[in-house]
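The values are calculated or read from the model by the stated rules, or taken from the named source; none is laboratory data. None of the values given here were measured: they were computed from a predicted structure. Here the Cβ positions follow ideal geometry from the backbone for every residue, glycine too, while neighbour counts run over all protein chains shown.
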Amino acid sequence: MQSASVVHPEEHLLPILQRHGSDPGKLLQILIEIQHAFHCIPPEAEGLLAEKLRLPLVRVRGVVEFYSFLSRSFQGEVVIHFSDNITDQMAGNRQLAEALCAKLGVKLGETRTDGRVSVRFTSCTGMCDQGPAALVNYLPLTRLTPDRIDAIAALVEGKVPLEAWPRAFFQVDSQIRRSDVVFRNPLEPGVALRASLERGGEILEEWAEDMAPSDARRHHLERGGAETLKEIYAAELRGRGGAGFKTGIKWESVRHAKMGNRYVLCNADEGEPGTFKDRVLLTDYADMVFEGMTICGHVVGSKKGILYVRQEYWYLRDHLEGVLRWRREAGLLGEGILKTGLDFDIEIHWGAGAYICGMESAMIKSIEGRRGIPRRRWPLPVHQGYLKRPTVVNNVETFAAAAVISARGGAWFAFNGTQQSSGTKLFCVSGDCERPGLYEYPWGVTIREMLRDAGGLDAKGAQVGGPSGTLVGPEEFDRRVCFEELSSTGTLMVFGPHQDIFEAVKNFSAFFQHESCGLCTPCRVGTTLLANYVKKFEKGYGSPVDLEEVQLVAKVMKTMSHCGLGQTASLPITDSVRKFPDIWTERMQTMEFVPAFDLDGALEEARSLTGRTDAAAHLTHLEA
Amino acid sequence: MAEKLKVATCSLAGCFGCHMSLLDIDERLLELLEVVQFDRSPINDLKHISQPVDLGLIEGGVCNAENVHTLREFRSMCKILVAVGECGITGGIPSMRNSFTLKECLDESYIRGMGVEFAHIPDDPEIPLLLNRVRPLHHIVKIDHFLPGCPPSADAIWYFLTELLAGRDPSLPRELIRYD
């Protein structure tokens, strides 16, 4: 590890560039490697990349400044990011971060002057069931305690390399607490894929001899793909990322697209705070996910899949690359899969700390090596997606489910669930409950059932589907979670009887303010206005007048924002005003509008400059 | 004849440009005076609002303690309070000092400025103390309507007033808030 001052472009940067074939589309991947090597993007690197990749310098710098895990200033030899989800906060992450800063003698968010260490906050790292969590040099630390913080401070000061830190600090558990039919056991690798291919007819022995393309092979693939698509339709599978679009329709659109070079993208950006199912799937069911992508490749006629993973899961890199390698060796990926005419391979792309990249069009931009800014909705990715080619974008869980559907059949899958939400769903339960972890239920499960199983029935409220989902109180615990009633990405954050829901609302509004990409005004300005209103109430300066303004801002954001982030960012506030009005009214010290800042304090500087203390040198907060 | 609508106006940290624009409605002023009666306003030089009024028009942001008092007087006396022009709505030109500390600003004017003699920061109690930042009106009191422009054109002001007088929502049509 070098500090920022000793960068030799030729020696350090060129090998990274060469590894990525000087492809401008790999800009983000190259920057991530540079960041990991230098803990910053050295100024020399920006110029060199612009030159070698033939990109304008502003493009390179624009990408560096967009992603929160890339930085232009040196972040220290040891970079510690505390996860700042509400579940981490309820488990005391703020106190732990402050304690660590105090021990290390470093200011939060700043690099220590000797360049040894920096301590920062980041959005949820997907370890909500085993928090408080943090990342150290992009590797997860779980179950932090004051003792561990002491130990970590000593390790940092003692310049102990990360490899020698206690393994237990880095332990990530899958914690699958309940499994239903779909995820009871991982499928045997290859079973689902073979089933999909055999729907096209027998795989002939003689094909293995001569791998040259032939009409017979082509027809075999065509037929198989068409039959598997029928199974996906029969399963009535809907996207697991939250929007619930019918997977069959999406796949068919790409299958029938006129353009070739189609792509299959798997969205493992999983940035919704409180969500960690993709992490578990990629850990224990990676084969199923890759198999689902390969089956999709078979159905839509694509040769290339890309898995886009958030960098918080960097520790899974060797594992994932290993699974891909094994599948290639086993003939389940690559050319002539299972001796048929199917060619398909998968590549992994990494994110760099941007919630918005979970939004499909932003993710596509990010994979293209650009800033992750959502583009306009039309043309849809199925017509013009990655590199303007027809593209399927599905969630990790959707692909895993598709693999199971191929193996077991659509009717089998559709047996579970409700009228409009077939099958089962993974739910990430965290917060104030005895058994946080992953639970698989048929769609239609009530919140109360989940709370009972997880041991959190005394909850005063719960956030269903993450901050962009729905905040519910006990009177709604009997509602069913499914697309027709209470839709969800599969997240349940439980707020126990002693919690203050206002803290959750504050956490979520700060989260959206930080994660807004800044493209459209309603979202960029709106998220900041809302976060400021929340702070105003926190200081006791809020009044009913402000709540009216909040509703107005929320309405503008909901109706005028460019993408889902802005459209949903006001929900925690509007939900809580409706369902937990007390958290707002108990903070109102006045019924009249008052300023959001200390008015008399605003005169302090002038008082000290003039030495005045007379009555006219002061202001009351409320009109006298 | 129905009782005339009572209107008060003032300029806080502004340049009076918005008031000039009000005068720019020209002969329509006579028409306006048929239906409104001015209370406190630079037009008649009344120093305080004498009675509760229907409409208050304020240009300029809030830069000192006196501005705060004036704004509060308007808020308590006006049924409808309108922020007129860029400075009232965002702080405008005066708020460019917000990127410096107050000390830096005063030092520049009274200590290090060219030609300054007897350098000291004025501390006479008659002079209102400056706030550390210039604020838009809605940071201090509740504002009911915003009339944008720098200044809002005479037509925009006329449209706004006549719509309000007619009891309609005074949202300006697009052509009156286009500036390019």
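In the set (1) of a type outside the set (Asp, Glu); (2) free of Cβ contacts under 8 Å to residues at least 60 places away in the same chain; (3) in contact with a Phe, Trp or Tyr (Cβ under 6 Å, 6 or more places away or on another chain), the condition left unmet by A:Leu333 is number (3). For the condition part of a loop (DSSP other than H, G, I, E, B) and modelled with pLDDT of 95 or more, B:Ile143 qualifies.
Residues in segment B:146-169 that are without any contact (Cβ under 8 Å) to a residue 40 or more places away in the chain and part of a loop (DSSP other than H, G, I, E, B): B:Ala166, B:Gly167, B:Arg168, B:Asp169. Report, ordered by the first and then the second residue, all pairs with beta carbons closer than 6 Å, sequence separation of six or more or different chains, a first member in segment A:41-56 that is in the same structural domain as A:His20 (by TED's automatic domain parsing), and a second member that is small (Gly, Ala, Ser) and not in a helix (DSSP H, G or I). The qualifying pairs are A:Pro42/A:Ala4; A:Lys52/A:Ser22. Do we find a residue being β-branched (Val, Ile, Thr) and touching a residue at least 40 places away in the same chain (Cβ under 8 Å) anywhere in segment A:461-476? Scanning segment A:461-476, I find at least one residue that is β-branched (Val, Ile, Thr) and touching a residue at least 40 places away in the same chain (Cβ under 8 Å), so the answer is yes.
Yes or no: A:Phe593 closer than 19 Å to A:Glu548 by Cβ and touching a strand residue (DSSP E or B) at 6+ places or on another chain (Cβ under 8 Å)?
It is false that A:Phe593 is closer than 19 Å to A:Glu548 by Cβ and touching a strand residue (DSSP E or B) at 6+ places or on another chain (Cβ under 8 Å).
Of all residues in segment A:117-158, exactly one satisfies the criterion of being closer than 14 Å to A:Gly76 by Cα and without any contact (Cβ under 8 Å) to a residue 40 or more places away in the chain, namely A:Val119. Identification of strands (runs of 3 or more DSSP E) wholly contained in segment B:35-121 with 2 or more residues that are touching a residue at least 60 places away in the same chain (Cβ under 8 Å) yields B:53-59, B:62-64, B:78-84.
With a requirement of 1 or more residues that are closer than 21 Å to A:Leu307 by Cβ, the helices (runs of 4 or more DSSP H) lying completely within segment A:367-455 that satisfy it span A:396-408. Taking the criterion of being of a type in the set (A, V, I, L, M, F, W, C) and over 22 Å from the mean Cα position of the chain (by Cα), the residues of segment A:385-412 that qualify are A:Leu387, A:Ala403, A:Val404, A:Ile405, A:Ala407, A:Ala411, A:Trp412. Can you spot a residue in segment A:490-504 that is within 20 Å of the chain's Cα centre (by Cα) and in a helix (DSSP H, G or I)? Checked against the condition, which is being within 20 Å of the chain's Cα centre (by Cα) and in a helix (DSSP H, G or I), segment A:490-504 yields at least one hit. Does A:Glu476 meet the test of being in the same structural domain as A:Gly190 (by TED's automatic domain parsing) and among the acidic types (Asp, Glu)? Criteria not met by A:Glu476.
Every condition in (1) within 23 Å of the chain's Cα centre (by Cα); (2) over 24 Å from A:Asn532 (Cα atoms) holds for B:Pro94 except the one numbered (2). Looking at segment B:31-54, is at least one residue surrounded by fewer than 19 Cβ atoms within 10 Å (Cβ to Cβ) and in contact with a Ser or Thr (Cβ under 6 Å, 6 or more places away or on another chain)? Yes, that holds for at least one residue. Within segment A:189-199, the set of residues being in contact with a Ser or Thr (Cβ under 8 Å, 6 or more places away or on another chain) and not basic (Lys, Arg) comprises A:Ala192, A:Leu193, A:Ala195, A:Ser196, A:Leu197. Is it the case, given these coordinates, that A:Gly473 is over 15 Å from A:Met90 (Cβ atoms) and buried (at least 17 other Cβ atoms within 10 Å of the Cβ)? Yes, satisfied. When A:Gly542, A:Gly518, A:Gly526 are screened for being under 25 Å from A:Gly461 (Cα atoms) and not aliphatic (A, V, I, L, M), only A:Gly542 passes.
I'd like the residue in segment A:568-596 that is within 14 Å of another protein chain (Cβ to nearest Cβ) and aliphatic (A, V, I, L, M) and, out of all such residues, is nearest to A:Arg377 (Cα to Cα). Applying the filter and picking the extreme gives A:Ala596. The residue that is surrounded by the fewest Cβ atoms within 10 Å (Cβ to Cβ), among those in segment B:97-115 that are closer than 15 Å to A:Gly611 by Cα and of a type in the set (A, V, I, L, M), is B:Leu106.
In summary, no helices (runs of 4 or more DSSP H) completely within segment A:205-290 bear 2 or more residues that are over 29 Å from the mean Cα position of the chain (by Cα), outside the structural domain of A:Glu347 (by TED's automatic domain parsing) and of a type outside the set (Val, Ile, Thr).
Search segment A:315-342 for residues being assigned to a loop (DSSP other than H, G, I, E, B) and touching a helix residue (DSSP H, G or I) at 6+ places or on another chain (Cβ under 7 Å), and hand back the single one that is surrounded by the fewest Cβ atoms within 10 Å (Cβ to Cβ). Ranking the qualifying residues of segment A:315-342, first place goes to A:Gly331. Only one of the numbered conditions (1) in contact (Cβ under 8 Å) with a residue 12 or more places away in the chain; (2) over 23 Å from the mean Cα position of the chain (by Cα) is violated by A:Arg452, and that is (1). Residues in segment A:531-577 that are of a type in the set (Lys, Arg) and under 29 Å from A:Leu519 (Cβ atoms) were compared, and the one that is nearest to the chain's Cα centre (by Cα) is A:Lys558.
Among residues of segment A:482-519 being at pLDDT 95 or above and of a type in the set (Val, Ile, Thr), the one that is nearest to A:Asp269 (Cα to Cα) is A:Thr491. One residue alone among A:Leu599, A:Leu565, A:Leu619, A:Leu603 is within 9 Å of chain B (Cβ to nearest Cβ), in a helix (DSSP H, G or I) and either surrounded by 18 or more Cβ atoms within 10 Å (Cβ to Cβ) or at pLDDT 95 or above (or both), and that residue is A:Leu603.
The single condition among (1) under 21 Å from B:Ser153 (Cβ atoms); (2) over 19 Å from the mean Cα position of the chain (by Cα); (3) of a type outside the set (Val, Ile, Thr) that B:Met20 does not satisfy is (2).
Listed here are the residues, each with its yes/no results for (1) aromatic (Phe, Trp, Tyr); (2) closer than 30 Å to B:Leu22 by Cβ; (3) within 11 Å of chain A (Cβ to nearest Cβ).
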site	(1), (2), (3)
B:Ala65	no, yes, yes
B:Met77	no, yes, no
B:Ile93	no, yes, no
B:Glu104	no, no, yes
B:Arg112	no, no, no
B:Val116	no, no, no
B:Leu130	no, yes, yes
